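The values are calculated or read from the model by the stated rules, or taken from the named source; none is laboratory data. Everything quoted here is computed from the prediction, not taken from an experiment. With ideal geometry, Cβ positions are generated from the backbone for all residues, glycine too; neighbour counts draw on all protein chains shown.
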Amino acid sequence: MGYMEGLTLSDVIESTRGHWTGRNEPSAIVPTGVSIDTRTLKPGEIFFALPGEKVDGHQFLDAAFDRGACAAVVIRSGARESRQALIAVDAPDLALGDLARFYRRRFDIPVIGITGSSGKTTTKDMVAAVLSTRYRVLATQGNLNNRLGVPLTLFKLSAHCDVAVIEMGISERGGLRYLCEIAQPTIGMITNIGPAHIEFFGSVEGVAKAKGELLEYLDESSMTILNLDDLFLSKERAKVKGRLLGIGIEQICQFRGEGLKLDQKGFGHFSLQGHSFHLSIPGKHNVYNALMAATTGWALDVPLQDAAKALENFTLTKLRSQVMEHNGIRMINDTYNANPASMRAALETLSQIEVDGRRIAVVGDMRELGAMTYDAHRELGREVGNRQIDALFALGDLAPVVVEGGREAGIDQAWAYADRDALTGALQTYLKPGDLMLIKGSRSIAMERIVTALGFEM
């Protein structure tokens with residue numbers, strides 16, 4: 001990871017309110033980074049022994065020191081006298097956040113906090129692409145967007161960073177407030193509000209309240225970027241204490257995408273304050289993400305023409321709306337994850353791309369919907385049936401419900417499968433050159449295995 005600038009073990013002990021058991025003076029030890037996994041730990045890093053349901057990090061203390069850890073943060077109640085350099089704390093996971101908060105305060109730079117029900121990762125990547133035209137950017141990597149991932153991202157801050165772009169994902173009330181207290185964003189944005197992780201929040205209104213914790217954190221000196229076409233976010237705007245920068249396509253706002261057209265590939269073309277934008281990724285939902293990114297750039301003095309160029313060259317992260325082709329068949333590989341809002345956006349994209357053959361939706365179960373599970377899957381089927389889509393293949397426990405909804409909406413070619421291999425075999429028989437297929441489902445369904453089984457290169 002490289003040296004965490006100016007940080008000694010004394011700072012770690014102070015920020016975590018820990019008890020030191022090492023023999024050496026902690027102020028003389030300068031850690032090179034932080035690790036929560038002995039498999040990737042590098043010499044000189046601090047190992048945080050995190051307790052877990054399946055694996056307890058305390059079982060790997062010897063392995064951590066064998067790999068060169070300079071110290072380990074352990075739970076106070078289980079700490080024992082040891083010759084090893086241990087820092088005993090009440091809760092190692094909370095101590096990780098405490099240290100990240102302490103370290104973040106050393107950097108007087110813009111920090112952008114991004115949350116929302118869907119589109120967080122793509123928006124984060126777009127924001128980073130736009131800002132990279134002028135600044136040195138630290139951005140969340142992979143899926144490090146939770147109470148462990150956000151601290152690990154912040155530990156990568158250095159004098160070589162001009163701005164940080166932090167993705168924030170939550171699955172509990174108070175979770176976003178906690179991440180804000182650690183990352184201390186100066187600019188906040190919410191992509192949209194929808195029924196994602198709804199089993200944890202009870203309702204879409206509960207999701208809106210949880211995401212609204214970002215607005216509650218941001219003070220009068222901050223900037224907030226909101227999608228004002230989103231009904232819930234339009235209502236939340238009253239909570240903004242600093243400067244509000246509104247984006248949208250339908251609503252009149254400061255950063256409105258005008259003259260939107262989707263070409264035969266589904267790529268968006270629009271103008272923003274007189275500047276032309278031409279995207280190389282499909283879907284109206286990605287136009288909203290692009291507006292978020294361009295507006296963030298504007299807020300940090302990146303000219304809109306530079307933002308337009310960066311977004312024209314932008315490509316998506318793997319498994320997110322990737323347009324692929326094999327044997328004359330095109331596929332939208334959107335298999336990373338799914339919730340009702342992102343499903344709706346993906347189906348809209350499928351229905352808008354021009355095809356020579358048929359449009360086919362291949363969808364898997366959506367998880368974490370709680371009491372909405374049945375209705376959400378039935379509505380998914382109806383959504384397919386109400387669009388210009390020719391066939392529906394559904395996979396999972398809720399597949400019959402999806403198909404039922406599809407047939408209610410008038411789609412005749414609709415099939416439910418409990419087995420992935422059976423669905424794949426049916427697709428191999430059904431598909432013809434000229435067809436366009438969307439594949440999407442929740443992460444746990446592993447819909448990407450269908451992609452590779454059909455011969456598409458990932």
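GLY328 passes every criterion in (1) among the small types (Gly, Ala, Ser); (2) touching a helix residue (DSSP H, G or I) at 6+ places or on another chain (Cβ under 8 Å); (3) within 30 Å of ILE389 (Cβ to Cβ) apart from (2). Within the stretch 391-404, none of the residues are at pLDDT below 95, acidic (Asp, Glu), in the same structural domain as LEU423 (by TED's automatic domain parsing) and surrounded by fewer than 20 Cβ atoms within 10 Å (Cβ to Cβ). Of everything in the stretch 136-145 that is at pLDDT 95 or above and surrounded by fewer than 20 Cβ atoms within 10 Å (Cβ to Cβ), the residue that is farthest from GLY116 (Cα to Cα) is ARG136. For the stretch 96-136, residues that are out of contact with any helix residue (DSSP H, G or I) (no Cβ under 7 Å at 6 or more places or on another chain), of a type outside the set (D, E, K, R) and more than 25 Å from PRO282 (Cβ to Cβ) total 4.
The condition of being more than 24 Å from LEU215 (Cβ to Cβ), at pLDDT 95 or above and buried (at least 23 other Cβ atoms within 10 Å of the Cβ) holds for only one of ALA307, ALA290, that being ALA307. Restricting attention to the stretch 347-370 and to residues that are in contact with a helix residue (DSSP H, G or I) (Cβ under 8 Å, 6 or more places away or on another chain) and part of a helix (DSSP H, G or I), the residue that is farthest from TYR417 (Cα to Cα) turns out to be GLN352. For the stretch 7-25, which residues satisfy the criterion of being surrounded by 18 or more Cβ atoms within 10 Å (Cβ to Cβ), farther than 18 Å from ALA64 by Cα and in contact with a strand residue (DSSP E or B) (Cβ under 7 Å, 6 or more places away or on another chain)? If the condition is that a residue be surrounded by 18 or more Cβ atoms within 10 Å (Cβ to Cβ), farther than 18 Å from ALA64 by Cα and in contact with a strand residue (DSSP E or B) (Cβ under 7 Å, 6 or more places away or on another chain), then ILE13, THR16, GLY18 are the ones that fit.
When you check THR122 against the structure, is it β-branched (Val, Ile, Thr), closer than 30 Å to SER234 by Cα and either outside the structural domain of GLY194 (by TED's automatic domain parsing) or not in a loop (DSSP other than H, G, I, E, B) (or both), yes or no? Against the criterion (β-branched (Val, Ile, Thr), closer than 30 Å to SER234 by Cα and either outside the structural domain of GLY194 (by TED's automatic domain parsing) or not in a loop (DSSP other than H, G, I, E, B) (or both)), THR122 qualifies. Only residues that are free of Cβ contacts under 8 Å to residues at least 40 places away in the same chain and within 16 Å of ILE109 (Cβ to Cβ) were counted across the stretch 136-159, and they come to 6.
Looking across the stretch 5-30 at every residue that is more than 14 Å from GLU45 (Cα to Cα) and among the aliphatic types (A, V, I, L, M), the one that is nearest to the chain's Cα centre (by Cα) is identified as ILE13. Restricting LEU231, LEU226 to residues that are assigned by TED's automatic domain parsing to the domain that holds GLN184 and surrounded by fewer than 20 Cβ atoms within 10 Å (Cβ to Cβ) narrows the list to LEU231. From THR335, THR295, which residue is crowded, with 21+ Cβ neighbours inside 10 Å, within 30 Å of TYR135 (Cβ to Cβ) and either assigned by TED's automatic domain parsing to the domain that holds GLN428 or of a type in the set (S, T, N, Q) (or both)? Among THR335, THR295, only THR295 is crowded, with 21+ Cβ neighbours inside 10 Å, within 30 Å of TYR135 (Cβ to Cβ) and either assigned by TED's automatic domain parsing to the domain that holds GLN428 or of a type in the set (S, T, N, Q) (or both).
Working carefully through the options ILE114, ILE87, find the one that is in contact (Cβ under 8 Å) with a residue 60 or more places away in the chain and over 19 Å from TYR178 (Cβ atoms). First the steps, then the outcome.
Details: ILE114 fails: over 19 Å from TYR178 (Cβ atoms).
Answer to the selection: ILE87.
Number of residues in the stretch 317-346 that are in a loop (DSSP other than H, G, I, E, B), of a type in the set (A, V, I, L, M, F, W, C) and within 22 Å of ASP435 (Cα to Cα) equals 1. Do we have any residue at all in the stretch 146-164 that's of a type in the set (A, V, I, L, M, F, W, C), part of a loop (DSSP other than H, G, I, E, B), surrounded by fewer than 19 Cβ atoms within 10 Å (Cβ to Cβ) and over 15 Å from the mean Cα position of the chain (by Cα)? Yes: one or more hits.
Taking each residue of the stretch 193-221 that is outside the structural domain of THR373 (by TED's automatic domain parsing) and among the basic types (Lys, Arg) and looking for partners that are modelled with pLDDT under 95 and surrounded by fewer than 19 Cβ atoms within 10 Å (Cβ to Cβ) with beta-carbon atoms closer than 9 Å, six or more apart or interchain, yields LYS209/ARG173.
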